[in-house]
Each structure stands twice: as C-alpha cells, then as structure tokens.
Amino acid sequence: MKSSCLALGASALMMLALSGPARSADAAAPKPDAQRGAELMQQQMSQMSPELVERAKALSPETRQFLMHVVLRHERRSDTLTLVQVMQEILAEYQTVGAAIATDNGPMAADAARRLALHRLPRGGMLPYLPLEKVTDAGLAVLPAMEMAVEGNATRLAEAADKGDMVGAASYYGAVTSGCVACHAHFRGQPGASAYVPRLRK
Ligand code: HEC
C-alpha cells in the first residue's frame, strides 16, 4: 500500500477500512460521510471470503471510492438477502413502473421508480455475487455507467412522471431497461441457473 494514498482524505479512510479496524469515534456525534462509508465497507469486508478480500484490497482508491459512494447512497442494507433476492425486488419495482406508465398513473410510476433507484443492498455488498475474475479495476469500471443508466434514468423517469409526462417516462423506461441488459451482459452468467447445478452456471 503506497503511503501517498494515505494523504487522500476519503480514500485514506478507505485504506484504513481495508487494512484494519476503523478508528473508534464518539458514537453520539454524527459521523462524516467518509468515516461512515469506511465503516460500512469494513462491515462488508467482514462478510467476504479471504480470496475476495485480497481482490478488494488490490482495487484502486478510485474504484473503492465509487463502492463507498454506492454503500452510502443506498440506505437500505440487508444483513441476510442475497443479490438475486434484491434483484427480484428490483424487478418487482420495474414491473410496477411499467404497469403505472401503461395506465397513466404518474404517482405510482414515480414512487416505484424512486424505490428502484434507491434499491436495497444485499448482504456483503455487490462484490461477493460477481465472478471473482471481474473483481478488478477493469472489471468494475463499468459500474458508474450502469448506475447512470439504471438509477439516473429511474430518477429522471420519476421526475417526468411527477409532471404527468408519461411519454417522457416511457422513454426513460427504455433507457433503464438498457441498463439492466448491459449489466447482466457484463456480470451475470446463465440467468436463473441453480447453485446446486454448477455446470449450468457457465
Ligand atoms: C450493477 C449490475 C446490474 C444491474 C444494473 C442490474 N442487474 Fe440484475 N443482476 C445482476 C447480477 C450480477 C445478477 C446475478 C446474481 C447472482 O446470480 O447471484 C443479476 C440477476 C438478476 C435477476 C435474477 C434472475 C436472473 O435472471 O439471474 C433479476 C430478476 C434481475 N437481475 C433483474 C434486474 C433488473 C429488472 C434490472 C434493471 C432495472 C437489473 N437487474 C439491473 C447485476 C445487475
């Protein structure tokens, strides 16, 4: 670990999170984002396999900072649900948005789109559910674009639906869908494959 990284504020805290226990702070005082993010990353790391922890530690400060941004942005974090379960919840929100657009129901579309944009995070964060060889700076470099495609467009969809602009909402729905497809093409193996039949997982 290069000592120059330690001068970089938030990424310095991230380094701490990845290399040892977070510093203790006055529990009553509100925690600055960087420190809270570092603690949450630490929590995720405690649920990862040693092999994955090694990979996570090798990520650049920029990649780790993006992961920290994700964990801070999503305030619903589960200690039990897997990524597939979170994805099923996302699918339910996505279908609700589709039904609302088709029935010209702006408030219903806007609420479901915001829940989609601020979806729950699975146990241990996203990394444990990705192919190990994709847990590199290059493999994860697509994540900010995926976030823009799905969460950015879901937020825009909600704003259009708030104004009753269902034509606009429908076009953002297409953009969100492209985000689902692109991320699956990059990270997901055979859709629906069972963990009990490893040869089907590709
Ligand atoms: C950041 C990347 C990413 C984005 C964006 C994403 N998914 Fe997924 N999704 C995954 C991964 C990875 C899996 C496989 C997880 C596993 O097998 O453990 C998955 C699996 C799923 C599954 C489980 C069943 C299956 O087909 O494997 C559903 C349902 C799903 N996604 C729906 C969606 C929908 C709907 C959207 C868009 C609104 C979406 N996803 C956006 C990464 C993503």
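The values are calculated or read from the model by the stated rules, or taken from the named source; none is laboratory data. The structure displayed is predicted, hence computed values, not measured ones. Virtual Cβ from ideal backbone geometry, glycine too; neighbours counted across all protein chains shown.
Side notes on the structure shown:
- In segment 152-202, residue farthest from the ligand (Cβ to nearest atom) [restricted to those that are charged (D, E, K, R), modelled with pLDDT under 95 and assigned to a helix (DSSP H, G or I)]: Arg199
- Any pair with Cβ under 6 angstrom, 6 or more apart, that starts in segment 179-202 at a residue that is closer than 18 Å to Glu133 by Cβ and ends at one that is more than 10 Å from the ligand (Cβ to nearest atom) and part of a helix (DSSP H, G or I): Gln190/Leu200; Ala193/Leu200
- Across segment 80-103, a minimum of one residue is classified as on the phi < 0 side of the Ramachandran plot, hydroxyl-bearing (Ser, Thr, Tyr), not in a loop (DSSP other than H, G, I, E, B) and not assigned by TED's automatic domain parsing to the domain that holds Leu40.
- Listed by first and then second residue, the pairs linking a residue in segment 72-93 that is under 28 Å from Gln35 (Cβ atoms) to a residue that is at pLDDT below 95 and polar (S, T, N, Q), with Cβ atoms under 8 Å apart and 6 or more places separating them unless they lie on different chains, are Val86/Ser78.
- Residue among Gly139, Gly125 that is under 15 Å from the mean Cα position of the chain (by Cα) and either assigned to a loop (DSSP other than H, G, I, E, B) or assigned by TED's automatic domain parsing to the domain that holds Leu59 (or both): Gly125
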